[in-house]
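A.B. asks: Questions regarding the structure given below will be posed in turn.
The values are calculated or read from the model by the stated rules, or taken from the named source; none is laboratory data. Just so you know, these numbers come straight off a predicted model, no measurement behind them. Neighbour counts are summed over all protein chains in view; Cβ atoms, including those assigned to glycine, are modelled from backbone coordinates with ideal geometry.
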Amino acid sequence: MIHSKPRGKGPSEGFSVAAPTSCSPASLRRAAVELATDALRRVGASRMGSVAYDSGFVARLTPILPGDPTVQAAARYLERSALPDGSWGSPVYNPHDRALNSLSALAGLAAAGEALRSPIIERGTEAVRTALARITAANQLVGSDLLLPPLVERCAELGLEVDPDAWPYRKVGRLAQALYGRTLYSGHPVGHLIELTGEGGDPVRIFARLTASTSGSVMCAPSSTAFGVERAGRPDARAMDYLRRTQNPDGGQRHFGPYELMEAAYSMYAMRGTPLLGLPAAAPALRLLREAWMPTGVAFSREFPAVDLDDSVLTALVLAASGERVACDFLDSYAREGYFLCYLTDRRGAVAPNLHAVEALKVLRHPMRDELTEIALGYVRKNARPDGSFIDHYSVSPNYPTWHAVEALAGVDDAMASRAALFLAASQRADGSWSPTNESPSTAEDTAYGLLGLCAFRRIQPGAYLEEVEQGARWLLAHRDDEPLPTWIAKVLYAPTTMAKAAVAGALFAAADALDVRTASISPARVRLGEAQPVGARASTLPAALAPVADQTRG
């Protein structure tokens, strides 16, 4: 029997407690439908919060394009977006994130003409020294060890008081420039780190080999695209058009994009198992995934050259939940002795792809299901943390991968799923919310992940965690429109806004099912859009359970 935990924790860090909110199942479902409809209509737009890292690369184009509105707006964004301590980056602290964002912001401001002795430059320079002292391999981001050295060198060239020889990874960075010379220009996923080449970057090869045919981006990254323009020393029309389209209204740049397939798959995965996938607004997003699906899987965007297991599995699971029949043999190429890869070019496993492999093998048919499941499970068991949680290359928050662990392990390893759910329950704050880290404020996004994990576990034990679900739903309903914090991991931390909103919608509807004792919870096994059909075929008719929800969005 799972018992509710004592409520001794939270918001002791000084975060406010929301006023009590009515959270009847009906009110939760209404809010879920509104949020889901809005999120699903945004799928494909690749929305994301602004980051200083990519904005700094755009501001560095000032000497080439001194009057360009996009370049000027990026510089103004950097002037306004410094944190209280003078650094740039996510409020959820990670020293690699702070160092990269701050160095890029300083370089961008200096290139845009900011005086080197101005308060914003001096405070920012001091802030990066503080981040330097806290950098370790344990909190590394995607390629941050390789990106720091050339960025420090660029700051020094612009006259900023940073010493390239005093920074960590300087030898690693120079070695990477030599070792990755050919690979960076080959279409390999590491090409999205092309700015690590620094002064050695070849603009001819950057634009000839790494530019996407549709958007004009360099490897779907504003920083890489702006870096190519800077190395060329002259504007490129398609690249600048891309940078204009990835600029947010606040003048800042998104961290990457387009990422339309990731946005669709991750958003709808959070709604899987609820009638929200039957909303009219879901049809274009489902069509997007259906048309993009290949036997080898999908990438995060149709423009990115490398497929990956995570985007492929979540796409396959969403399509299967909508009534499609999806072959599972794409998993075979990712399997290695002892783990599954994320990218086929990776040299080691990671938690998320192995969890996703477990879930795909559980839901989709595969002739070697048992053997492959044991491979993924072995890796997952070795990487479970002592408290039952998981952490991965996706997010600094354990709540996201731990929710996915419950989804994957339920019915496969119930004991491990139970420990994961217990972690989520134990880490809930007294006001019902969850936070990405102990030091950070509560967020609607992380509260959604906590609720989704507990609701998924209730499929194993229906009476579990009802109190936690109710308190979490109450808090989430009151905070459902809060903006997400940058907690997702790439070169720096970023916030995929549509995906966060979709998770909130899915969590509210799942909580409504859990709290509505008069109606059995709707699980993936009970929600089917007609009979399973091959990918590309249309689902026949909506089940009766979807009609009342769908009607709320019509007219």
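A.B. asks: Quick one: is Leu103 of a type outside the set (Gly, Ala, Ser), assigned by TED's automatic domain parsing to the domain that holds His192 and modelled with pLDDT under 90? Don't jump to the end; show me each part of the working.
C.D. replies: Details: of a type outside the set (Gly, Ala, Ser): yes; assigned by TED's automatic domain parsing to the domain that holds His192: yes; modelled with pLDDT under 90: no.
Judged against the criteria, Leu103 is not a match.
A.B. asks: Among what's in segment 219-247 and is hydrophobic (A, V, I, L, M, F, W, C) and outside any helix (DSSP H, G or I), pick the residue that is surrounded by the most Cβ atoms within 10 Å (Cβ to Cβ). Step through it out loud before you land on a result.
C.D. replies: Step one: filter segment 219-247 for residues hydrophobic (A, V, I, L, M, F, W, C), giving 219-221, 226-227, 229, 232, 237, 239-240, 243.
Still in the list and also outside any helix (DSSP H, G or I): 219-221.
Details: Met219: 27, Cys220: 24, Ala221: 30.
Going through the qualifying residues, I end up with Ala221.
A.B. asks: Could we say that Gly323 is on the phi > 0 side of the Ramachandran plot and in contact with a Gly (Cβ under 7 Å, 6 or more places away or on another chain) here?
C.D. replies: Numbers: on the phi > 0 side of the Ramachandran plot: yes; in contact with a Gly (Cβ under 7 Å, 6 or more places away or on another chain): yes.
Against the criterion (on the phi > 0 side of the Ramachandran plot and in contact with a Gly (Cβ under 7 Å, 6 or more places away or on another chain)), Gly323 qualifies.
A.B. asks: How many residues, within segment 72-92, are under 12 Å from Gln253 (Cβ atoms) and hydrophobic (A, V, I, L, M, F, W, C)? First the steps, then the outcome.
C.D. replies: Within segment 72-92, the first condition is being under 12 Å from Gln253 (Cβ atoms), and the residues that meet it are 73-75, 77-78, 81.
Subset that is hydrophobic (A, V, I, L, M, F, W, C): 73-75, 78.
Summing the residues that are under 12 Å from Gln253 (Cβ atoms) and hydrophobic (A, V, I, L, M, F, W, C) in segment 72-92 gives 4.
A.B. asks: Just the residues that are surrounded by fewer than 24 Cβ atoms within 10 Å (Cβ to Cβ) and modelled with pLDDT of 95 or more, please, taken from segment 260-274.
C.D. replies: Within segment 260-274, the subset surrounded by fewer than 24 Cβ atoms within 10 Å (Cβ to Cβ) is 260, 272.
Result: Glu260, single match.
A.B. asks: Test Asp481 against the criterion of being in a helix (DSSP H, G or I), surrounded by fewer than 24 Cβ atoms within 10 Å (Cβ to Cβ) and in the same structural domain as Ala384 (by TED's automatic domain parsing), and give yes or no.
C.D. replies: Numbers: in a helix (DSSP H, G or I): no; surrounded by fewer than 24 Cβ atoms within 10 Å (Cβ to Cβ): yes; in the same structural domain as Ala384 (by TED's automatic domain parsing): yes.
Answer is no for this residue.
A.B. asks: Still on this structure, please answer the following. What's the number of the condition Gly257 fails, among (1) assigned to a loop (DSSP other than H, G, I, E, B); (2) among the small types (Gly, Ala, Ser); (3) surrounded by fewer than 24 Cβ atoms within 10 Å (Cβ to Cβ)?
C.D. replies: (3)
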